[in-house]
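The values are calculated or read from the model by the stated rules, or taken from the named source; none is laboratory data. No experiment lies behind these values; they were computed from the predicted model shown. Please note: Cβ atoms are built from the backbone with ideal geometry, for glycine as well, and neighbour counts cover all protein chains shown.
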Amino acid sequence: MSSAIDRRLTLLLLALLPVLAWSTDNNFHKSILVFGVVNAISAVGLCLMLGLAGQISLGQAAFFGIGAYVTGNLVTKLGVEPVLAIVAAALGAMVLGWAISRPLSRLHDHYLAMATLAFGTVMYIGFANARDWTGGLDPGMSVPKFTVFGHDTSSMNALFVVSWIALALAVFVANNIFGHRIGRTLRALKMSSPAAASVGIDVVQAKAFVFAIGALLTGLAGGLYAFVARSFNAGVFGVGYSIELLMMVVIGSLSRVSGAITGAFIITVLPILFDRFEDYRTLVFGVTMVLIMKFMPTGLVDGLFSLGARLLPSGRRE
Amino acid sequence: MFHLAVTTRPYRAAAKLAKLCAPIAMMLAATASHGQETIKIGGIFALSGPASFLGVPEERGFRMKIDEINKAGGLNGKKIEGIVYDTEGNTTKAAQQFRRLAESDNVVAIIGPSSSGESLTVGPIANELKVVSVTHAGTEKMTVPVTPWVFNTPPTDRVVAAHLLGIFKKRGITKIGLMSAADGFGQSGANVVKELAPQYGVQVSRHEEFNRQDADITAQVLRVKDSDAQAMLVWSAFPAPTIILKNAAAVGFKKPIYNSFAAASKDLIVQGGANAEGTYVSSMRLLAPETLAADDPMRPIVTKIYEDYKARYKEAPATFTAHSYDALLIIEAAAKKISGPITRQSLRDAMETVTVVGGNGIYRLSPKSHGPDPESRSMVLLVVKGGEWKVDE
């Protein structure tokens, strides 16, 4: 399917979010939207890595954690302007992503999954024990209210606007990568890295690039998370979050930015809706995920497209 | 989203998805319809995940006490509607569910969450949204310093540490080997023990850490054995305390082993078997009500919780049941002092004036104290003798 449709769908989703945010006065609903937007930024990062370049990462929570802790420390210990702290944290995560991609560049598939899983686990243990910097698992870290040049912007509405702008930036970056030469390079890498190398693509550099971008976006999300949650402990940055991100990308659509955003909202909102099932909540959630994967193996967005194509009598297929 | 696309034609996949959606809609409708003339009280507990050993007994205590109050006519004539959500022990989820109870369900008070980390997360939100919050944190940071809207029912690690260090002082133990779990509970406990120890003339001559789920902790036990410690103090939730007992027996560690309140459970005896013999634990009274002294002021209420729980759930309660039970006891006592409608503000103001004898000890609440204090007599030292808990003070 063409990327033009994906781009339009992504813009539609982006436009829909503020409408949703302003249609409710309920701060709980708004906070869910804000968490959804933060997760969507992370998911767009992983979508580039896994969906576009075929580089699986089960260690994204580490970049998310770096984003949150660097932001928190810069703001609380050095009094850095919050927005600058988030930018610095995202860049810090990017450098880390670039650095770890070098030793991992020879690995692929399961081996890459295992290595990134190990990286995520090591970083989690680091977060839990570097108590001077992170507060460990208890008491964790507390971050002051979010301000922009001294103005209090800690209300849910303001946080929504800030995270929405960050998501729009992430989408802009992702769309540009998808549509340009580097996107085609990464797609070639996904199909076969020896073949890509044979036509003159610098495979190591391309992998480092996509790891760095993925880490940058996830780090950005982590920085925002610090101000949305205000208080958090290392438990948030365990392997669980990496797996959740993977689910978001896979459930939505592996090959689309719009899929990553859709998936992020499904994985953020669905468990809360399913709370009504009480004891059966986890079961219902699991069965839903299995059904989506069984009947829409390429993700919900692709699945709905093909379902729509089958339902339309004239068969306006892509 | 998939509603629209799906219902037009009966594809098998579509039909299954639609079936799945129907109960969601029904559930949403059902919860929206009931609930006039009730007082809503919310509970957020770690009903699943690593902290569920805390959350499950807390939720049961919550339901049990609400049913009891409702049977007796409710709070000032109004029935309580209890709404419970699961936090999975995750700080992000705890914050979300807390906001949900406060802003979507409009409860007057929120009881829980179960762990210290989650409680520390919701504390600032409670003060921001001005909703009564009775957390179940083991860390004193919840109520030191006191903030207007946050109360806490479990004895803090400071209370437990002071209790155990007081016993060490009384028994002439001046050097201890501290063993703590490398998690929130262990980190917080170890910090408090190290801070308070000098006041009791006790020296931590060795401090070892381990992971709560470790299958073997022999290395750390040996290091404590080789030190000059006169006793070992273990600060961890299960299963580590039983592993340590097993490892200590295997390497011939003969000195006394003391445990924090997290090991105060019949599991220590069941899993530890013969190795548990002679082990001490600083416990809340609910573990062994029948061994309490006849004149113990908490004995009647502790016995009542124990027996009600056993009748309803067919098993002995974990001590954590009293955390949520006591929270509702405090709310019940406060409601009796309110003449007008029960609102968040009137409830909060009344809660600061009550003195309540609960399962966790005596709460003397005031604008300066929002939880148990070292004089609450929350803890009692138990020892395993002949496969049973016995009071040893």
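Restricting segment A:145-156 to residues that are in contact (Cβ under 8 Å) with a residue 12 or more places away in the chain and within 14 Å of another protein chain (Cβ to nearest Cβ), the residue that is surrounded by the fewest Cβ atoms within 10 Å (Cβ to Cβ) is A:Lys145.
Kindly establish whether A:Leu58 is part of a helix (DSSP H, G or I) and at pLDDT 90 or above. Answer is no for this residue. Summed over segment B:46-87, residues that are part of a loop (DSSP other than H, G, I, E, B), under 16 Å from the mean Cα position of the chain (by Cα) and on the phi < 0 side of the Ramachandran plot total 6.
Restricted to segment A:260-310, and to residues there that are of a type in the set (Gly, Ala, Ser) and surrounded by 16 or more Cβ atoms within 10 Å (Cβ to Cβ), the residue that is nearest to the other protein chains (Cβ to nearest Cβ) is A:Gly303.
Within segment A:188-203, identify whether any single residue is in contact with a Ser or Thr (Cβ under 8 Å, 6 or more places away or on another chain), touching a residue at least 24 places away in the same chain (Cβ under 8 Å) and not aromatic (Phe, Trp, Tyr), and answer yes or no. Checked against the condition, which is being in contact with a Ser or Thr (Cβ under 8 Å, 6 or more places away or on another chain), touching a residue at least 24 places away in the same chain (Cβ under 8 Å) and not aromatic (Phe, Trp, Tyr), segment A:188-203 yields at least one hit. The residues listed here are A:Ser163, A:Ser142; of these, the one that is within 14 Å of chain B (Cβ to nearest Cβ), among the hydroxyl-bearing types (Ser, Thr, Tyr) and touching a residue at least 60 places away in the same chain (Cβ under 8 Å) is A:Ser142.
Within segment B:99-111, residues that are in contact (Cβ under 8 Å) with a residue 60 or more places away in the chain and within 24 Å of B:Pro57 (Cβ to Cβ) have Cβ atoms under 9 Å from residues that are acidic (Asp, Glu) and surrounded by 24 or more Cβ atoms within 10 Å (Cβ to Cβ) in these pairs: B:Ile111/B:Glu58, counting only partners at least 6 apart in sequence or on another chain. In the set (1) farther than 23 Å from A:Gly54 by Cβ; (2) in contact (Cβ under 8 Å) with a residue 12 or more places away in the chain, the condition left unmet by A:Thr116 is number (1). Looking across segment A:114-139, the residues that are among the hydrophobic types (A, V, I, L, M, F, W, C) and over 17 Å from the mean Cα position of the chain (by Cα) come down to A:Met114, A:Ala115, A:Ala118, A:Phe119, A:Val122, A:Met123, A:Ile125, A:Phe127, A:Ala128, A:Ala130, A:Trp133, A:Leu137.
Within segment A:247-259, how many residues turn out to be under 15 Å from A:Ala53 (Cβ atoms) and surrounded by fewer than 24 Cβ atoms within 10 Å (Cβ to Cβ)? Summing the residues that are under 15 Å from A:Ala53 (Cβ atoms) and surrounded by fewer than 24 Cβ atoms within 10 Å (Cβ to Cβ) in segment A:247-259 gives 2. Candidates in segment B:85-99 are the residues that are more than 12 Å from A:Gly235 (Cα to Cα) and of a type in the set (D, E, K, R); of these, the one that is nearest to the other protein chains (Cβ to nearest Cβ) is B:Arg99. Evaluate the following for A:Ser231: is it more than 14 Å from chain B (Cβ to nearest Cβ) and over 19 Å from A:Gly97 (Cβ atoms)? No: the conditions fail for A:Ser231.
Evaluating A:Thr116 against the criteria (1) among the hydroxyl-bearing types (Ser, Thr, Tyr); (2) outside any loop (DSSP other than H, G, I, E, B); (3) farther than 20 Å from A:Thr218 by Cα leaves one unmet condition, (3).
Taking strands (runs of 3 or more DSSP E) as the structural unit, those lying wholly within segment B:114-213 and holding at least 3 residues that are more than 9 Å from every other protein chain (Cβ to nearest Cβ) and of a type in the set (Val, Ile, Thr) correspond to B:132-135.
Candidates A:Leu33, A:Leu9, A:Leu16: the one that is without any contact (Cβ under 8 Å) to a residue 60 or more places away in the chain, among the aliphatic types (A, V, I, L, M), under 28 Å from A:Thr298 (Cα atoms) and within 14 Å of another protein chain (Cβ to nearest Cβ) is A:Leu16. Here B:Arg312 fulfils each of the conditions (1) without any contact (Cβ under 8 Å) to a residue 12 or more places away in the chain; (2) farther than 17 Å from B:Val356 by Cβ; (3) charged (D, E, K, R) apart from (1).
B:Ala229 falls short on exactly one of the conditions (1) away from chain A (no Cβ under 14 Å); (2) part of a loop (DSSP other than H, G, I, E, B); (3) touching a helix residue (DSSP H, G or I) at 6+ places or on another chain (Cβ under 8 Å), and that condition is (3).
Criterion applied to A:Phe127, A:Phe146 was being under 21 Å from B:Thr92 (Cβ atoms) and in contact with a Pro (Cβ under 7 Å, 6 or more places away or on another chain), and the one residue passing it is A:Phe146. Within segment A:45-64, residues that are under 13 Å from A:Ser255 (Cα atoms) and surrounded by 24 or more Cβ atoms within 10 Å (Cβ to Cβ) have Cβ atoms under 6 Å from residues that are at pLDDT below 95 and of a type in the set (Lys, Arg) in these pairs: A:Ala53/A:Lys190, counting only partners at least 6 apart in sequence or on another chain. One residue stands out in segment A:100-113 among those that are aliphatic (A, V, I, L, M) and in a helix (DSSP H, G or I): the one that is modelled with the lowest pLDDT, namely A:Leu104.
Within the span defined as segment A:75-90, one or more residues are in contact with a helix residue (DSSP H, G or I) (Cβ under 9 Å, 6 or more places away or on another chain), in contact (Cβ under 8 Å) with a residue 24 or more places away in the chain and closer than 19 Å to A:Val210 by Cβ.
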